[in-house]
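One structure is given here, and the rest of the page talks about it.
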Amino acid sequence: MENQWWKRAVVYQLYPRSFSDSNGDGQGDLKGVTAKLDYIKWLGVDVVWLCPVYASPNADNGYDISDYYSIMDEMGTIGDWEALKNGLHSRGIKLIMDMVLNHTSDQHPWFIESRSSRDNPKRDWYIWRKGKPDGSEPNNWGSFFSPSAWEYDEKTGEYYLHMFSPKQPDLNWENPDVRQALYNVIRFWLDKGVDGFRFDVANMYSKVQGFPEAPEFVPGSKYQFPIVHVYNGPRIHEFIQEMNREAFAGRDIMTVGEGPFVTPELALQYAGFDTHEFDMVFHFEHVIKGGLWTSFMPYDFIEFKQTLNRFQTTLYGKAWNSLYLSNHDQPRQVSRFGNDRKYLVRSAKLLGTMIHMQQGTPYVYQGEELGMTNIPFTRFDQYRDLDSFNYIAQSRAMGMPDDLILSALNRSSRDNARTPMQWSAEKNAGFTAGTPWIEVNPNYPEINVETETGDPSSVLNYYRRLIRLRKEMPVIVYGSFIPLMEEHPQFYCWIREYEGERLLVVLNFSDTDAGFALPEGITAGSEKRVLSNAGREKLNLGSDTIGPWEAYVCILE
Ligand code: TEU
Ligand code: CA
């Protein structure tokens with residue numbers, strides 16, 4: 001079990017539209033990524049997860065695929081993709097692709113056929129239902145990106161289901177032909193030499209058939225998000241096990257399933273060592289508490305720790321964790337969980353320490369290693385994401401004033417994570433010679449790769465150390481997790497233990513000093529420093545003061 005490479009790996013998530021533009025059209029592309037491979041190698045990561053680059057009309061930036069077998073024009077050609085893959089492999093870096101199998105684009109030929117007539121052989125590849133007797137939607141299900149999850153199709157007089165936008169119809173996984181067609185896609189990319197996949201909303205494939213009304217989730221709303229009917233559905237484990245068996249079992253790859261509403265107990269099944277599903281899952285419990293669009297609210301620190309600790313201890317020895325605070329759907333972590341003003345550098349390093357010192361495989365989302373922050377947009381027309389537009393429309397419909405909507409977007413929009421990668425202090429942060437598809441964060445003259453590379457105290461150089469430490473210390477990879485001071489309002493602390501070695505992690509998640517003492521019952525004569533984000537040499541285990549956003553890691557002796 002211990003020699004699987006993905007357990008020792010650090011993954012770099014790359015959102016190619018915002019990474020590097022090679023031809024000046026303002027959009028990142030595959031050649032742009034290939035030009036930056038030496039940077040990725042220098043960073044020290046082992047795996048790149050590439051967000052979708054398949055043919056797509058880009059209603060949702062590639063999460064609406066119109067052809068699983070080709071590359072979208074803006075990204076380049078299949079030859080460019082091969083060059084990228086070879087460039088990664090020749091540097092000893094693996095490539096995992098994003099697989100969106102819950103839905104396709106409405107421009108996918110399967111859907112075009114499916115909607116062409118009620119008796120088309122592909123009709124049943126998607127989820128079509130008659131309206132209620134009064135002509136309204138088949139049920140009250142709400143979608144992520146529009147009020148109703150059903151779209152009426154004039155031509156055939158029925159509704160189709162889309163849990164995301166109407167341009168993203170859900171595939172009907174109940175139909176075995178659909179499943180086989182999707183397994184072909186997986187095998188195709190494996191045969192091309194990819195090293196694994198990140199499966200988009202992988203716990204949504206199985207829906208409760210019969211399509212019952214959803215219980216109230218948002219009080220008083222006409223449409224309700226059907227969490228109990230679309231996540232972790234009745235046949236989900238059967239489908240994933242079948243996919244595992246037929247599409248990728250026996251290959252030396254890594255798989256990670258995206259799983260909103262996955263509990264630690266469900267993670268044991270989705271990512272169990274012997275359950276034949278995925279190698280790991282992205283759970284959402286620490287980033288979405290109780291529902292969607294909560295990232296604009298202040299988070300509950302104690303609950304946050306408890307959630308993460310529960311995943312750490314429940315999965316240990318039975319399943320594998322994936323560790324993240326950021327991705328292309330979440331606001332920037334330092335703005336959300338740190339202090340992106342007074343303690344930007346310190347708190348960015350502390351959050352990195354938290355992720356990298358827990359048990360599981362860490363994911364670094366592009367720009368996180370620089371301490372990139374949320375973007376201070378002041379107008380709606382600066383936003384680009386359909387999720388942001390939907391939020392604006394729905395909030396206005398509920399009578400919410402524009403300034404409140406804007407401030408919620410400032411804190412929670414997915415666009416926060418999608419502004420261009422900041423390479424240098426040059427025009428457009430060195431991302432493009434043209435006009436970027438979304439504005440560059442105005443803080444790029446200070447926060448960028450070039451400046452930070454030359455600064456030994458930068459967030460970037462700290463991340464390189466974090467990534468290297470994992471290679472040097474097996475306790476970081478394999479150690480058990482012992483939570484400490486779970487009720488403390490400032491500290492997040494724990495011990496990792498492996499083959500007699502104990503690693504102590506001390507993090508002060510606050511703007512003020514905190515008094516530290518090793519809790520009773522834990523004995524240690526002395527400590528040896530592993531890492532500090534504040535220039536600390538020694539920690540007095542009996543009594544010491546830990547500064548604001550200070551992180552300290554040591555071996556207990
Ligand atoms: O995201 C699924 C998901 O559940 C959320 O993170 C979602 O983006 C958010 O809650 C909306 O408010 C995945 C992809 O990561 C995302 O980019 C896609 O838009 C989505 O699936 C549809 O493919
Ligand atoms: Ca381009």
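Taking the options GLY32, GLY62, name whichever one is within 16 Å of ligand 1 (Cβ to nearest atom) and under 20 Å from GLY79 (Cβ atoms). Please lay out each step first, then the result.
Values: GLY32 fails: within 16 Å of ligand 1 (Cβ to nearest atom).
The unique qualifying residue is GLY62.
Reported count of residues in the stretch 11-43, each being within 24 Å of ILE186 (Cβ to Cβ) and more than 16 Å from ligand 2 (Cβ to nearest atom), is 3.
Sort through ASP67, ASP60, ASP46 and tell me the only one that's in contact (Cβ under 8 Å) with a residue 24 or more places away in the chain, away from ligand 2 (no atom under 16 Å from the Cβ) and surrounded by fewer than 19 Cβ atoms within 10 Å (Cβ to Cβ). Outline the logic, then answer.
Working: ASP60 fails: surrounded by fewer than 19 Cβ atoms within 10 Å (Cβ to Cβ); ASP46 fails: surrounded by fewer than 19 Cβ atoms within 10 Å (Cβ to Cβ).
Just a single option satisfies the conditions, and that option is ASP67.
Yes/no matrix, rows are residues, columns are (1) within 16 Å of the chain's Cα centre (by Cα); (2) under 18 Å from GLY317 (Cα atoms); (3) without any contact (Cβ under 8 Å) to a residue 60 or more places away in the chain:
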| residue | (1), (2), (3) |
| --- | --- |
| PHE239 | no, no, no |
| ASN244 | no, no, yes |
| PRO264 | no, yes, yes |
| LEU268 | no, yes, yes |
| HIS276 | no, yes, yes |
| ASP279 | yes, yes, no |
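Can you tell me which of ALA417, ALA429 is in contact with a strand residue (DSSP E or B) (Cβ under 8 Å, 6 or more places away or on another chain), among the hydrophobic types (A, V, I, L, M, F, W, C), farther than 30 Å from CYS554 by Cβ and crowded, with 18+ Cβ neighbours inside 10 Å? None of the others qualify; the one that does is ALA417. Residue pairs whose Cβ atoms lie under 6 Å apart, separated by 6 or more positions or on different chains, with the first residue in the stretch 525-537 and charged (D, E, K, R) and the second at pLDDT 95 or above and outside any loop (DSSP other than H, G, I, E, B), are GLU527/CYS554; GLU527/LEU556; LYS528/CYS554; LYS528/ILE555; ARG529/CYS554; ARG536/TYR552. For the stretch 194-232, the candidate set comprises residues that are of a type in the set (S, T, N, Q) and part of a loop (DSSP other than H, G, I, E, B); within that set, the residue that is nearest to ASP170 (Cα to Cα) is SER206.
Only one residue in GLN27, GLN13 is surrounded by 20 or more Cβ atoms within 10 Å (Cβ to Cβ), of a type in the set (S, T, N, Q) and outside any loop (DSSP other than H, G, I, E, B). Which one?
Details: GLN27 fails: outside any loop (DSSP other than H, G, I, E, B).
None of the others qualify; the one that does is GLN13.
Table: residues versus (1) among the hydrophobic types (A, V, I, L, M, F, W, C); (2) under 28 Å from the mean Cα position of the chain (by Cα).
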{"position": "PRO436", "(1), (2)": "no, yes"}
{"position": "GLY454", "(1), (2)": "no, no"}
{"position": "TYR462", "(1), (2)": "no, yes"}
{"position": "SER480", "(1), (2)": "no, yes"}
{"position": "CYS493", "(1), (2)": "yes, yes"}
{"position": "TYR498", "(1), (2)": "no, no"}
{"position": "PHE509", "(1), (2)": "yes, yes"}
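Residue-level analysis places GLN330 among those that are in the same structural domain as GLY272 (by TED's automatic domain parsing) and within 16 Å of ligand 1 (Cβ to nearest atom).
The values are calculated or read from the model by the stated rules, or taken from the named source; none is laboratory data. A quick note: this is a predicted structure, and the numbers were derived from the prediction, not measured. Positions of Cβ are generated from backbone atoms using ideal geometry, with glycine treated the same way; all protein chains shown enter the neighbour counts.
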